[in-house]
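Okay, structure first, notes after.
The values are calculated or read from the model by the stated rules, or taken from the named source; none is laboratory data. The model shown is predicted, which means the values in this text are computed figures rather than measured ones. All Cβ positions, glycine included, derive from the backbone under ideal geometry; neighbour counts span all protein chains shown.
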Amino acid sequence: MSRYPFWAVLAPSEPSWMKKRAFAALELDEGEEDQEGPPFEISLGSGRYHAILGLDEWCVGGELKIAKSLSLDVDEPVYSIERANDPWAVISWRRGALEVMEVDPDTLAKSLGCPLPERTKSSDSPKRKPLRSVALMEGVRAQQAHHVLEEIEGEPLPQGRYRLVDTPRGLLVASGTVDIGFADITLSERLPHATVYAVIASPSLDLFFVTVRRGGVGVEEFKLPPDEFPDLPVASDIKGERTPERILAALGIPAEWFLND
């Protein structure tokens, strides 16, 4: 493997069929790729499960489309693992329905006979830029969001699990003791009146993505650098602003929240 995998999909399927479904899910034609090759490769497992490994950070999120597509045609669960953020997100898919899992991704992959490649320490391996997520939810207050999240968890939230901050512009949702994961999407589904601006960025803001959601559904996205194959209609600005610093200011999100400890 020449590049570090940013995501993986584990499925009990025939490898060549998995490859075709992956190209279709990413809306790519086989052979439609850059000089480095396709954005993923197939890794054969030792049993029924095999893996698709995502090699380009630009297509992080594509694992969700691929896993959902594959799960529609198999009886056993399909797993997607997102490794671009910390902590890694693991999702189980059955017939298109997802369930977020709190399991160690390496342990899961090894149990299925598909161990994930480890990051190398060589000087030519790509340095992964740490990404953080913060969301602004207009029309939502912290107490309301806390109640919804406790309802979903089925138990009281541990203190500091999420950072929920009321501001004049709305509620800010950020990581506390854990990454926000899919909390902003879940809250958007449960509170459909809210407009959500979900920001994912690197500490230097050279990678900067904003997804606008209503009712849990993405309606448009703003990305720097621009995505060659956008999943949603492209927004030319967010609240009239076009640079990361000014967009964060317009959303009332402190830029220092994207710095890693």
> Restricting to the range 61-94, what's the tally of residues that are out of contact with any Asp or Glu (no Cβ under 9 Å at 6 or more places or on another chain) and either of a type in the set (D, E) or modelled with pLDDT of 85 or more (or both)?
Replying inline: 13
> Does any residue of the range 30-37 turn out to be in contact with a helix residue (DSSP H, G or I) (Cβ under 7 Å, 6 or more places away or on another chain), modelled with pLDDT under 75 and either assigned by TED's automatic domain parsing to the domain that holds W93 or part of a loop (DSSP other than H, G, I, E, B) (or both)?
Replying inline: yes
>> Regarding the range 138-152, can at least one residue be identified that is in contact with a His (Cβ under 7 Å, 6 or more places away or on another chain) and farther than 25 Å from L64 by Cα?
In response: yes
>> Take E155 and tell me if it is part of a loop (DSSP other than H, G, I, E, B), of a type in the set (D, E, K, R) and not assigned by TED's automatic domain parsing to the domain that holds L98.
In response: yes
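Might you let me know whether the range 62-82 holds any residue that is of a type outside the set (A, V, I, L, M, F, W, C), under 30 Å from V210 (Cβ atoms) and part of a loop (DSSP other than H, G, I, E, B)?
no
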> Given (1) farther than 17 Å from Y197 by Cβ; (2) modelled with pLDDT of 85 or more; (3) out of contact with any Pro (no Cβ under 7 Å at 6 or more places or on another chain), where does V165 come up short, assuming only one miss?
Replying inline: (1)
> Of the residues L248, L187, which is within 17 Å of the chain's Cα centre (by Cα) and not aromatic (F, W, Y)?
Replying inline: L187
> Restricting attention to the range 186-208, and to residues there that are farther than 27 Å from E153 by Cβ and out of contact with any helix residue (DSSP H, G or I) (no Cβ under 6 Å at 6 or more places or on another chain), which single residue is surrounded by the most Cβ atoms within 10 Å (Cβ to Cβ)?
Replying inline: L207
